[in-house]
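Heads up: the structure comes next, in structure tokens.
The values are calculated or read from the model by the stated rules, or taken from the named source; none is laboratory data. Only a predicted model underlies this, so the values are computations on that prediction, with no experimental measurement involved. Note that we place each Cβ from the backbone using ideal geometry, even for glycine, and neighbour counts take in every protein chain shown.
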Amino acid sequence: MLNKRTSSVERITINSLSIVSTLEIGDSSQIQAFSRAIAVQREHEIFFGNEMKFTNFDIFTETIPMEPIFEEVSFETFTINPIIKVGFIDITGVSTSSIVHIGNTKNVYMESRIKHIRHLHDRGQ
């Protein structure tokens, strides 16, 4: 049985929490976060609706290799003081499938896939 610890944070400030991001306070059995985006940059502000689909790009359908870990690890822990105390946490921003978690977690899986496309004018050679 793993030793549990209690997390104590006196104050936390987060200026921005966006795009599938989470502030989790307390213990979790499982955390799963997923985000995908197509970012198009153009020299001129031209916007078209529904011009690109995730299925058009392999990056969104490729399997991420998750090799199993077979290495045996043995360790002993001694929890003299089972409390982690923090006075102040100041976070500028949390974005794109990210998590700020204060507490214990058993399993965490996070994935973010972004396709960047730049449409630039031909400068000529």
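Identify, please: which residue in the range 94-113 is surrounded by 13 or more Cβ atoms within 10 Å (Cβ to Cβ), within 30 Å of K53 (Cβ to Cβ) and of a type outside the set (S, T, N, Q) and is, among those, modelled with the lowest pLDDT? For the range 94-113, the residue satisfying everything is M110. Counted as qualifying within the range 6-52 are no strands (runs of 3 or more DSSP E), as none has 2 or more residues that are on the phi > 0 side of the Ramachandran plot, in contact with a strand residue (DSSP E or B) (Cβ under 7 Å, 6 or more places away or on another chain) and surrounded by 14 or more Cβ atoms within 10 Å (Cβ to Cβ). Pairing residues of the range 19-32 that are in contact (Cβ under 8 Å) with a residue 12 or more places away in the chain with residues that are hydroxyl-bearing (S, T, Y) and surrounded by 13 or more Cβ atoms within 10 Å (Cβ to Cβ), at Cβ distances under 6 Å and at least 6 apart in sequence or on separate chains, gives I19/S95; I19/T96; V20/S35; V20/S97; S21/S95; S21/S98; S28/T105; I31/T105. Scanning the range 79-107 for residues that are among the hydrophobic types (A, V, I, L, M, F, W, C) and free of Cβ contacts under 8 Å to residues at least 12 places away in the same chain returns a single hit, I80.
Is it fair to say S74 is exposed (fewer than 10 other Cβ atoms within 10 Å of the Cβ), among the small types (G, A, S), in a loop (DSSP other than H, G, I, E, B) and out of contact with any helix residue (DSSP H, G or I) (no Cβ under 6 Å at 6 or more places or on another chain)? The answer is yes for S74.
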